[in-house]
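Reviewing the structure listed below.
Rule-based calculations on the coordinates, nothing more; no lab input. Given the structure is predicted, the values throughout are model-derived calculations rather than measurements. Every residue, glycine among them, receives a Cβ derived from its backbone with ideal geometry; neighbour counts consider all protein chains shown.
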């Protein structure tokens, strides 16, 4: 691989643009690999088996569970009074500062804190009743 990078660096001046850069890079890498293998022909060169990469992405079943938990969380939020829902959404979900949320809602910071707190209380109450919401929030049955 290092030989391929060196070849690419040395050959950059010869790139004429007749093919895409990706095609040209591939070709230089392939020629470098052939060169390496031809030099080592008399030796027993074996290609190492590359292990299958392990995905860190959640599987389809986990995405479905998360989607359902999110739907349930939003259903809980939909039951809240509009000022609580808006304050919670702007502060907790969007990450805005309480001062900015209060300004946007034409409310005091104290009133905004109370609205967010009441919304959290409703969300944690729902998490105590619904294990999917609890798991989404990372709580143990809302506790």
From the list [x] 11.2; [y] 9.3; [z] 16.8, can you say which value of mean projected area of the Cα convex hull in nm² was derived from the structure given? [z]
How far, in degrees from 0 to 90, does helix 109-129 lean away from the longest principal axis of the Cα atoms of the chain, to the nearest 10? 80
Expressed as an acute angle from 0 to 90° and rounded to the nearest 10, what is the orientation of the C-alpha long axis of helix 21-39 relative to the principal long axis of the chain? 50
Residue-normalised 222 nm signal for the chain, counting each DSSP H run of n ≥ 4 as -39,500 (n - 2.57), nearest 500 deg cm²/dmol, is -20000 deg cm²/dmol
From the P(r) of region 47-89, can you give the percent of Cα pairs sitting at distances over 16 Å? 60
Gain upon complete extension [residue 98, residue 79; 0.36 nm per residue less C-alpha separation]: 4.7 nm
Eigenvalues of the Cα gyration tensor times 5, then square-rooted: what semi-axes does that give for region 60-137, in whole angstrom, largest first? 26, 12, 9
What distance in nm separates the simple spin-label points at residue 49 and residue 11, each placed 7 Å from Cα in the Cβ direction? 3.2
Which angle from 0 to 90°, rounded to the nearest 10, does the C-alpha axis of helix 2-11 make with the longest principal axis of the chain? 80
